[in-house]
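Novice: I'd like to ask you about the structure that follows.
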Amino acid sequence: MKKFVVDASVAIKWYLPEEHNAAAERLLNQTFRLHVPDLFFPETGNILWKRLVREEISKEKACTILKLLESAPIKVWESKPLLPEAFNIAVKAQRTVYDSLYIALAISEGCRMVTADRKLYNSLHNGTLKNTVLWVEDIP
């Protein structure tokens, strides 16, 4: 069974019609084990809040998605033990500590982090972390 860390940009595509939905939905196949830091839930909540403010979704739909995320097939890891490594990654890679928590978890678990955040992917895929980050469309 292959494992991946998934970020909020991927998971939101499981429930909202967006570009790269089909690729993101492939991760829900039972042949994959998915991991996230606990920051994942506030991040997805914030994405849904932004969509609500922009009137792209209703409050009811946002609440339904939040409930679905609670039962998604993901293993949740506490952020606190990942924070020192995430901070080091953030400093070296010039990325936020938030993004770096996902990368630190991937390193800790010996797997790759899947993202649909083009800016994040582009900033990492040619550097020292290139073997840690995977574009959502490139899921094997």
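Novice: Just checking, which of E109, E85 is in contact with a helix residue (DSSP H, G or I) (Cβ under 9 Å, 6 or more places away or on another chain) and either at pLDDT 95 or above or within 21 Å of H125 (Cβ to Cβ) (or both)?
Specialist: Numbers: E109 fails: in contact with a helix residue (DSSP H, G or I) (Cβ under 9 Å, 6 or more places away or on another chain).
Of the residues listed, the single one that is in contact with a helix residue (DSSP H, G or I) (Cβ under 9 Å, 6 or more places away or on another chain) and either at pLDDT 95 or above or within 21 Å of H125 (Cβ to Cβ) (or both) is E85.
Novice: Something else about it: Any idea which residue in segment 117-135 is farthest from the chain's Cα centre (by Cα), counting only those that are farther than 17 Å from A86 by Cβ, at pLDDT below 95 and of a type outside the set (D, E, K, R)?
Specialist: N126
Novice: Yes or no: segment 7-16 includes at least one residue that is surrounded by fewer than 18 Cβ atoms within 10 Å (Cβ to Cβ), under 23 Å from Y121 (Cβ atoms) and without any contact (Cβ under 8 Å) to a residue 40 or more places away in the chain.
Specialist: No, because not a single residue in segment 7-16 is surrounded by fewer than 18 Cβ atoms within 10 Å (Cβ to Cβ), under 23 Å from Y121 (Cβ atoms) and without any contact (Cβ under 8 Å) to a residue 40 or more places away in the chain.
Novice: Can V5 be described as part of a strand (DSSP E or B), modelled with pLDDT of 95 or more and over 24 Å from R118 (Cβ atoms)?
Specialist: no
Novice: Any chance you could count how many residues in segment 88-98 are loosely packed, with under 14 Cβ neighbours inside 10 Å and free of Cβ contacts under 8 Å to residues at least 24 places away in the same chain?
Specialist: Residues of segment 88-98 loosely packed, with under 14 Cβ neighbours inside 10 Å: 88, 91-92, 94, 96.
Then drop every residue that is not free of Cβ contacts under 8 Å to residues at least 24 places away in the same chain, which leaves 88, 91, 96.
Selection size over segment 88-98: 3.
Novice: Give L129, L101, L120 a once-over and let me know the one that is crowded, with 18+ Cβ neighbours inside 10 Å and not in a helix (DSSP H, G or I).
Specialist: Details: L101 fails: not in a helix (DSSP H, G or I); L120 fails: not in a helix (DSSP H, G or I).
Answer to the selection: L129.
Matching residues to (1) loosely packed, with under 11 Cβ neighbours inside 10 Å; (2) more than 20 Å from Y102 (Cβ to Cβ):
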residue	(1), (2)
L52	no, yes
E55	yes, yes
S58	no, yes
C63	no, yes
E70	yes, no
K80	yes, no
A86	no, no
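Novice: Answer yes or no: is there a residue in segment 60-79 that is acidic (D, E), farther than 26 Å from K130 by Cβ and modelled with pLDDT of 95 or more.
Specialist: Checked segment 60-79: at least one residue is acidic (D, E), farther than 26 Å from K130 by Cβ and modelled with pLDDT of 95 or more.
Novice: A further question follows. Can you tell me which residue is surrounded by the most Cβ atoms within 10 Å (Cβ to Cβ) among those in segment 17-45 that are free of Cβ contacts under 8 Å to residues at least 12 places away in the same chain and among the polar types (S, T, N, Q)?
Specialist: Here the answer is N21.
The values are calculated or read from the model by the stated rules, or taken from the named source; none is laboratory data. Predicted, not measured: the structure shown is a model, and the values here were computed from it. Cβ coordinates were reconstructed from backbone atoms using ideal geometry, including for glycine residues, and neighbour counts include every protein chain displayed.
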